[in-house]
Amino acid sequence: MICLDYRRQLLAGTGETDAMRVHRLQCASCAAEWTEQGAFEDTLREALQVPVPAGFAERMAQAQVARRRTFLAVAATALVAAGAGGYAWLARQDPLALACIDFVMKEEAKSIMLGAMPRAEAQAALAPTLALERLERVGEVKHVRPCPFNGQTAYHVVLAVPQGMVTLLVMPATRMTGRRHATKEGLHADVVALERGSVGIVGTDLAVVMSVAGALRA
Amino acid sequence: MGFEETVRTHAADLYRYAYWLARDPAQAEDIVQEALLRGWRAFPRLRERAAAKAWLFSIVRNEYLRALGSAPPAAESLDGLDLPDERPELFGLEMRDALAALPVSYAEPLALQVLGGFSCAEIADMIGATEGATMTRLTRARQALRRLVTPKDRKAGPA
């Protein structure tokens with residue numbers, strides 16, 4: 001190993017390998033660099049540890065306890081209120097709605113990393129199926145980008161509504177009737193028909209997903 | 001370990017990671033809250049509980065991207081990136097201020113490595129980069145920080 005390799009690996013912070021250690025023990029200059037880098041790493045670790053709001057971890061943990069209680073209460077109430085028909089609809093795993101959830105789990109981050117369409121282009125692209133202005137009446141549109149989805153070109157939209165964030169897949173080429181639903185990996189998806197095409201709505205909160213679906217359906 | 005215990009164990013580091021992504025305490029808190037809601041719903045289906053920490057960090061990252069609605073600045077480009085270490089007027093910063101001067105795409109792998117204890121391969125997987133590119137970012141970030149925290153009286157070259 002030469003000094004350049006030693007210092008490059010040292011700066012990557014991946015830890016000292018046996019080969020690095022052998023080099024350091026034979027090279028005074030790299031040994032000095034190792035000592036200096038050790039002090040630097042201590043300072044770096046300390047600087048990254050920004051103060052956490054008081055009681056944050058406990059507050060977050062307690063929120064999970066509260067969620068579990070609310071979930072159980074709501075589930076029990078929903079079962080009673082919805083009856084067998086309502087429960088069967090919610091339990092149904094529609095393939096198109098599942099594909100929307102899979103998109104969020106596997107493709108959404110990539111789509112966001114690739115960047116959003118300029119507003120004018122998004123407006124023109126969405127206009128025939130679901131006008132951008134209509135979406136903006138429901139929430140703040142954070143991202144629009146075309147994406148291959150289910151054998152067609154769909155539009156991936158991230159929409160911030162007052163209760164949280166939902167993902168939409170606007171599908172100009174998918175004509176359907178009614179409403180479809182799926183739940184997987186903690187995400188809920190509704191797909192609803194539009195006058196031309198359809199839209200899938202995915203989010204973590206079933207009530208928010210259903211509310212946005214209701215606001216957008218034809 | 002159940003979800004509440006997992007949250008107790010990792011909440012502080014998740015917050016710190018979210019902070020270095022968003023650079024805003026209130027937004028960091030919102031991101032972690034939203035991520036934990038998502039995590040709570042999916043946790044029963046998480047097969048490898050040992051991977052819960054990496055899984056939660058990934059959810060925080062996705063929530064940050066969703067909140068941002070776009071990619072972090074210069075996430076894809078290394079060559080054209082304006083690292084602040086060539087600006088001598090910034091020299092002499094405290095380490096935390098120097099970190100704040102780094103673009104997110106450089107500070108993020110550092111936070112994942114130092115706060116999360118993740119390997120280069122794990123970080124590469126989480127941020128969607130190659131292992132080589134991740135190592136380059138880690139190296140360049142440390143180089144930049146070392147220059148930025150150099151005392152101002154050492155910034156000048158030979159007279």
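The values are calculated or read from the model by the stated rules, or taken from the named source; none is laboratory data. Computed from a predicted structure; not experimentally measured. Neighbour counts are summed over all protein chains in view; Cβ atoms, including those assigned to glycine, are modelled from backbone coordinates with ideal geometry. To get the accessible areas, we keep the full protein, side chains included, count just its heavy atoms, and leave off ligands, DNA and RNA. Shrake-Rupley method; radii C 1.70, N 1.55, O 1.52, S 1.80 Å.
For the options A:CYS100, A:CYS30, A:CYS147, a Gaussian network treatment of chain A with springs between C-alpha atoms closer than 10 Å singles out A:CYS30 as fluctuating the most. Round to the nearest 10 and give me the degree value, 0 to 90, for the angle of helix A:95-106's Cα axis relative to the longest principal axis of chain A. Roughly 20 degrees, rounded to the nearest 10. Build a GNM of chain A with springs between Cα atoms under 10 Å: which of A:VAL50, A:VAL161, A:VAL144 gets the top mean-square fluctuation? For chain A, modelled as a Gaussian network with Cα springs under 10 Å, the answer is A:VAL50.
Within segment A:123-218, which GluC sites (Glu not before Pro) sit in a loop by DSSP and count at most 13 neighbouring Cβ atoms inside 10 Å?
Details: sites: A:GLU133, A:GLU136, A:GLU140, A:GLU185, A:GLU195; in loops: A:GLU185, A:GLU195.
Counting only loop positions with at most 13 other Cβ atoms within 10 Å, the GluC sites (Glu not before Pro) in segment A:123-218 are A:GLU195.
Relative to the dominant Cα principal axis of chain A, helix A:28-48 is inclined by about 30°. Association of chains B and A removes close to 4700 square angstrom of accessible area from solvent, both sides included, for a probe radius of 1.4 Å. Peptide A:2-12 shows a mean partner chain C-beta count of 3 within 10 Å per residue C-beta. At a Förster radius of 30 Å, what calculated FRET efficiency corresponds to the Cβ-Cβ distance of A:THR17 and A:GLU46, to the nearest 0.05? The computed FRET efficiency comes out at 0.75.
Prolate is the label for chain A, because a/c, from the alpha-carbon gyration tensor with a ≥ b ≥ c as root eigenvalues, is 1.5 or above and a/b exceeds b/c. Shielding by partners for peptide B:105-116, expressed as the average number of C-beta atoms from other protein chains within 10 Å of each residue's C-beta, is 2. Counting, for every residue in B:30-42, the Cβ atoms of other protein chains within 10 Å of its Cβ and taking the mean gives 5.
Annotation: cysteines of chain A without a disulfide-compatible partner (Cβ-Cβ under 4.7 angstrom) are A:CYS3, A:CYS100, A:CYS147.
Report note on the peptides A:112-118, B:29-35: ranked by the mean count of other C-beta atoms within 10 Å, highest first, their order is B:29-35, A:112-118.
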